[in-house]
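The values are calculated or read from the model by the stated rules, or taken from the named source; none is laboratory data. Since this is a predicted model, take the numbers as computed values, not measurements. Cβ sites come from the backbone with ideal geometry, for glycine too, and all protein chains shown count toward neighbours. Note: areas computed on protein heavy atoms with side chains; ligands, DNA, RNA excluded. Shrake-Rupley method; radii C 1.70, N 1.55, O 1.52, S 1.80 Å.
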Amino acid sequence: MVVAVIAAFAGIVVAVIPVLVQQVAGLIEDAPRLIKEFTASSWYHDVTSQYGDTFDKAIQGAVSFLQDPNNLTQIGGGILAVGAGIAGGATGVTIVLILTLYFMASLRSMKKAAARFVPAYRRPRFSELLEDVSGAVGRYVIGQASLALINGILSLVFLSIIGAPMPALLALIAFMGSLIPLVGTLSAAIINSVICLFASPLTALVSIIYYLVYMQVEAYVLSPRIMSKAVAVPGAMVVIAAVGGGALGGILGALVAIPVAASLIIIIQKVVFPAQDAKTEAPPAE
């Protein structure tokens, strides 16, 4: 399993990074042409003709802002902050990957240590429940990764068809966003649509329509079906758990809501229901 995780991570890096570097370099090279085509478009002329004075004032204000050395210092500090944030994010991903590998390697011993806190006559039953719960959490992670993979592949195909800039990068953004329940797909869709605006307003509009349709399909068709099979939770419960977890705990709450719901269902089915079924007679009156 550790080898599989490392191989998957390395495969994503090897497959995506060269394409991203090539497309970013192409975007930088084509930036003057894109700006020229954007300023020559009919949409740009319509805006300038309708809001000419306001548009000119905005441009003059931007030029004046860039000519001020103090503002340039602030921009430089912002760029450094963004760079530090990117470096911190990359470091965080590396740390999470390493901790995940250590956690996977020591999971069996951690389960055994947890069972030691339970009386010996209850350990077999406790270990069985612990295996079921950990299996539900693992299947949830696989299900969420499957949703992200579907979004990434469909985004790559669709964005390549409509001629969006850097479709591989946008597909990666869609993939990473779909790993976060509720808000992830929407955030990635907004980012991708804004980037598509550099190609043309029509491309951005088509991208917005596509993601609006896809989010409905993912929320009410793909996610309930995949999650119900992965964690054995009814589709309606998947939606309720994700929405409730997001409302109570934000992104973290949405991430843990479905595995927590699956764990509660397992405990209820294997502990609460058998205990209640065993009570065939009323307790003696006091």
**Report entry** Boolean, SER160 is out of contact with any Leu (no Cβ under 9 Å at 6 or more places or on another chain), assigned to a helix (DSSP H, G or I) and open to solvent by less than 70 Å² (accessible area, probe 1.4 Å)
**Finding:** yes
Query - Answer from VAL272, VAL233, VAL238 - the residue that is β-branched (Val, Ile, Thr), open to solvent by less than 70 Å² (accessible area, probe 1.4 Å) and at pLDDT 75 or above - result: VAL272
Report summary line: Cβ pairs under 9 Å, 6+ apart or interchain, first in region 189-208 and in contact (Cβ under 8 Å) with a residue 40 or more places away in the chain, second of a type in the set (D, E, K, R) and not in a loop (DSSP other than H, G, I, E, B), ordered by first then second residue, are SER200/GLU37
Query raised in the report: Of the residues that make up region 200-207, is at least one under 20 Å from the mean Cα position of the chain (by Cα), at pLDDT below 90, of a type outside the set (D, E, K, R) and open to solvent by 10 Å² or more (accessible area, probe 1.4 Å)?
Result: no
Report task. Go through region 99-126 and give me each residue that's surrounded by 14 or more Cβ atoms within 10 Å (Cβ to Cβ), of a type outside the set (D, E, K, R) and free of Cβ contacts under 8 Å to residues at least 40 places away in the same chain. Result -> ALA115, VAL118, PHE126
Requested in this report: Filter region 184-199 down to the residues that are surrounded by 19 or more Cβ atoms within 10 Å (Cβ to Cβ) and assigned to a helix (DSSP H, G or I), then identify the one that is modelled with the lowest pLDDT.
Outcome: GLY184
Report summary line: Checked against (1) open to solvent by 40 Å² or more (accessible area, probe 1.4 Å); (2) at pLDDT below 70; (3) outside any helix (DSSP H, G or I), ILE251 satisfies every condition except (3)
